[in-house]
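The values are calculated or read from the model by the stated rules, or taken from the named source; none is laboratory data. Just so it is clear, the model here is predicted, and its values are computed rather than measured. Glycine gets a Cβ as well: all are built from the backbone with ideal geometry, and neighbour counts include every protein chain shown.
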Amino acid sequence: MAGATGLSEGEHLVLRMHQHWKTILRPVATLALIVGGTLVVLIFVPPVEHATAGRLGLGAAALVLAIIWVGRPLLRWWTTSYELTNRRLRLRAGVVTRRGRDFPLSKISDVSFAQGMLDRMLGCGRLVVESPGEHGQLVLTEIPRVQQVQSAMFQLVEDEQARLTREQQ
């Protein structure tokens, strides 16, 4: 029977993470540009009679742009999580509607990672999880501490396969 966290009996959470903070750099830079641009226009455009409506319109437009170009990506980042348990890899995402995908560790055949130069400096990378079947390869991007996650996942895969072998005997 599953518990309140959605974990089955004997299963425990080993690691829970979001994508690396590098993912939200572009939305934060966009917010700075929107705020800076709006302030420049409001400060340097001379006030004229009946300009209040135009200034309110500019503020409303800046707010809408901030919600679309900043709010949505930030919410997507905040509500996307990767959970590694002793039995499976769980992916959860969604702001309004939630989506989930689970990968049993016993079905995983290979776990590898890749890091570019910037990723190495920031301590993140791409995790590649392979399993036989229809969806053979899962690529997770911007994983923090990707080398440690890969090592932990590899060890958990071996432990799960050993556990299943013992149960079959």
From ALA53, ALA62, grab the single residue that is touching a residue at least 24 places away in the same chain (Cβ under 8 Å) and either outside any strand (DSSP E or B) or surrounded by 13 or more Cβ atoms within 10 Å (Cβ to Cβ) (or both).
-> ALA62
What number of residues within the stretch 131-160 are surrounded by 14 or more Cβ atoms within 10 Å (Cβ to Cβ), polar (S, T, N, Q) and under 12 Å from LYS107 (Cα atoms)?
-> 1
Identify the residue in the stretch 78-116 that is of a type in the set (S, T, N, Q) and within 14 Å of ASP159 (Cβ to Cβ) and, among all such residues, is surrounded by the most Cβ atoms within 10 Å (Cβ to Cβ).
-> THR85
Checklist (1) at pLDDT 95 or above; (2) at positive phi applied to GLY123, failing item = (1)
Name the residues in the stretch 102-123 that are in a strand (DSSP E or B) and either within 16 Å of GLN19 (Cα to Cα) or acidic (Asp, Glu) (or both), would you?
-> ASP102, ASP110, PHE113, ALA114
